[in-house]
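The block underneath contains the structure these notes are about, expressed in structure tokens.
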Amino acid sequence: MPHDHDHDHEFDGASPAYRRALIAVIVLNAGLFGVEMTAGAMAGSRALQADALDFAADALTYGISLWAIGRPLALRARVAQLKGLSLALMALAILGLAIRDMMAPGVPEAGVMGAVGFAALAANVASVLILMRWKDGDSNVRSVWLCSRNDAIGNVAVMGAAVMVAWLGSGWPDLVVAVAMAGLFLSSSVQILRRAAQERAHAH
């Protein structure tokens, strides 16, 4: 039987404890997507909307991860590749929108950005702590950990952008954070795709 601890680098998620943890994180991500997308539209914050999109993608891909648990290695690796590609596409979409907004940047509402960013950070720190013991599993399990970690980093960045927007009276910090988040998503995508490719090769 697989051991679900940090030192087992081949853990595939096949334990009741991990399934319960993953379901809890899916619920958190789905809830925060609705909150952040609404707040981002009201505040005019591209960084908040980027983070909300990340929550939505995570909830969906975590659901796929839950489905893939216990299935053959090659299938789990293909699922991880799908998640890696979705992260890359999301990053490119965010980057494109941010570049478009740079032509005429508005000034988002810093107070809303900061408050919602803090609430999202609390939810993501909870997710990271819930998943901490399984962060070194296979590509499917690892991708869940990386996405949760990215969310927490993104929330801190959104809160920092809110402070800078309020201080400078400019929308540029919001756009800079959106671009930085896109870069983080691309980096994680590469990590996930590389590990999944290794697992697919090993499975044949």
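The values are calculated or read from the model by the stated rules, or taken from the named source; none is laboratory data. Values in this document were obtained by computation on a predicted structure and should not be read as measured data. Because the Cβ atoms are built from the backbone with ideal geometry, glycine has one as well, and the counts that use them run over all protein chains shown.
Look at Arg142 and say whether it is without any contact (Cβ under 8 Å) to a residue 40 or more places away in the chain and charged (D, E, K, R).
For Arg142, the condition - without any contact (Cβ under 8 Å) to a residue 40 or more places away in the chain and charged (D, E, K, R) - is not met.
Return the residues of region 91-118 that are crowded, with 21+ Cβ neighbours inside 10 Å and in contact with a Phe, Trp or Tyr (Cβ under 7 Å, 6 or more places away or on another chain); say none if nothing qualifies.
Result: Ala91, single match.
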So the check is Cβ under 7 Å with 6+ separation or different chains; which pairs have a first residue in region 42-66 that's part of a loop (DSSP other than H, G, I, E, B) and a second one that's small (Gly, Ala, Ser)?
Gly44/Gly106
Selected residue (criterion: farthest from Leu82 (Cα to Cα)) from residues of region 171-204 that are surrounded by fewer than 16 Cβ atoms within 10 Å (Cβ to Cβ) and in contact with a Pro (Cβ under 8 Å, 6 or more places away or on another chain)
Trp172
Could you list, in sequence order, all residues of region 158-170 that are at negative phi, surrounded by fewer than 23 Cβ atoms within 10 Å (Cβ to Cβ) and touching a residue at least 12 places away in the same chain (Cβ under 8 Å)?
Met159, Gly160, Val163, Ala166, Ser170
For region 131-144, how many residues meet the condition of being in a helix (DSSP H, G or I) and crowded, with 18+ Cβ neighbours inside 10 Å?
8
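For (1) without any contact (Cβ under 8 Å) to a residue 40 or more places away in the chain; (2) in contact with a helix residue (DSSP H, G or I) (Cβ under 6 Å, 6 or more places away or on another chain); (3) part of a helix (DSSP H, G or I), each residue gets a yes or a no:
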residue	(1), (2), (3)
Gly106	no, no, no
Val116	no, yes, yes
Leu121	yes, yes, yes
Val156	yes, no, yes
May I ask you to say which residue of Leu92, Leu87 is assigned to a helix (DSSP H, G or I), modelled with pLDDT of 85 or more, in contact with a helix residue (DSSP H, G or I) (Cβ under 8 Å, 6 or more places away or on another chain) and not charged (D, E, K, R)?
Leu92
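Residues checked against (1) under 20 Å from Ala77 (Cβ atoms); (2) at pLDDT below 85; (3) under 18 Å from the mean Cα position of the chain (by Cα):
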position: Gly111; (1), (2), (3): no, no, no
position: Phe118; (1), (2), (3): no, no, yes
position: Leu129; (1), (2), (3): no, no, yes
position: Gly137; (1), (2), (3): yes, yes, yes
position: Cys147; (1), (2), (3): yes, yes, yes
position: Trp167; (1), (2), (3): no, no, no
position: Met181; (1), (2), (3): no, yes, yes
position: Ile192; (1), (2), (3): yes, yes, yes
position: His202; (1), (2), (3): yes, yes, no
Could you tell me whether Asp174 is within 25 Å of Trp67 (Cβ to Cβ) and not small (Gly, Ala, Ser)?
no
